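Below: the structure, in structure tokens.
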Amino acid sequence: MRDVPRGRRPAMHGTLPLATPRLLLRRFSPADAPAMYTVWAGDAAVTRFLRWQPHKSAAETRSLLEAWAAQYACGGFYNWAVVRRADGMLMGAIGAVPAEDGAGLLEPGYALGRRYWGQGYATEALAAVVRYLFESEGQAALACCHAHENPASGRVMKKCGFRPVCNGVYTINTTVRPCPAAITC
């Protein structure tokens, strides 16, 4: 865990733009709904290990993005669109929410469209978010977990400094599933 000066609370700037060599992480807008729905939110193969069901329509996706647009005004809301800098293509999402175990840690999560898997984009995006949450937001530690059936996500986490600490559980579509829980420091 990283030391946070006594009496200092983590900052709560929320979702600010972040850039990596290949990616731009930015806030979503409702105009992103058609691409988000087509690329990953409506794809059951992408969402099978996530904590929400695939969207049934671009209208459902737009409704979610409208809600997120309102939440960006709150400092503690972290949800970025993952955009490829070379062509402006919306590829996925990455965010951080309070961990399910209630320990007060933030838990990053991410989803990329299938055509972007295996190219290092998830690792690049997660590394940028981890750096931001530690350096700009003052987080002392972060938690992460992945489905046992999704070891690729575990490899992304490991590359970004997360280390296994225990086996935990999380809920996917109302089903409680085991997951290797990891923490970074």
Some residue of region 142-155 being outside any loop (DSSP other than H, G, I, E, B), surrounded by fewer than 21 Cβ atoms within 10 Å (Cβ to Cβ), touching a Leu at 6+ places or on another chain (Cβ under 8 Å) and in contact (Cβ under 8 Å) with a residue 24 or more places away in the chain: no
Checklist (1) part of a loop (DSSP other than H, G, I, E, B); (2) under 17 Å from the mean Cα position of the chain (by Cα); (3) surrounded by fewer than 16 Cβ atoms within 10 Å (Cβ to Cβ) applied to Phe49, failing item: (3)
Condition check for Arg62: at pLDDT 85 or above, in a helix (DSSP H, G or I) and closer than 22 Å to Arg155 by Cα: no
Residues of region 29-46 satisfying the condition of being part of a helix (DSSP H, G or I) and closer than 20 Å to Gly109 by Cα: Asp32, Ala33, Ala35, Met36, Tyr37, Thr38, Val39, Trp40, Ala41, Ala44, Ala45, Val46
Every residue from region 65-114 that is surrounded by fewer than 16 Cβ atoms within 10 Å (Cβ to Cβ) and within 13 Å of the chain's Cα centre (by Cα): Val97, Pro98
Criterion (in a loop (DSSP other than H, G, I, E, B), closer than 24 Å to Thr20 by Cβ, at pLDDT 95 or above and not aromatic (Phe, Trp, Tyr)) met by exactly one of Gly88, Gly76, Gly92: Gly88
Pick from region 16-46, criterion closer than 16 Å to Phe77 by Cα and touching a helix residue (DSSP H, G or I) at 6+ places or on another chain (Cβ under 7 Å), ranking: surrounded by the fewest Cβ atoms within 10 Å (Cβ to Cβ): Ser29
Lone unmet requirement of (1) in contact with a Ser or Thr (Cβ under 8 Å, 6 or more places away or on another chain); (2) at pLDDT below 95; (3) surrounded by 14 or more Cβ atoms within 10 Å (Cβ to Cβ) for His13: (3)
Single residue of region 95-130 satisfying the filter (out of contact with any Gly (no Cβ under 9 Å at 6 or more places or on another chain) and of a type in the set (Asp, Glu)) that is modelled with the highest pLDDT: Glu124
Long-range neighbours under 6 Å by Cβ, at least six apart or interchain, first residue free of Cβ contacts under 8 Å to residues at least 60 places away in the same chain within region 40-58, second surrounded by fewer than 18 Cβ atoms within 10 Å (Cβ to Cβ) and assigned to a helix (DSSP H, G or I): Pro54/Ala44; Ala58/Pro34
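The values are calculated or read from the model by the stated rules, or taken from the named source; none is laboratory data. Here the structure is a predicted model, which is why all the values come from computation and not from measurement. Using ideal geometry, Cβ is built from the backbone for each residue, glycine included, and neighbour counts are taken over all protein chains shown.
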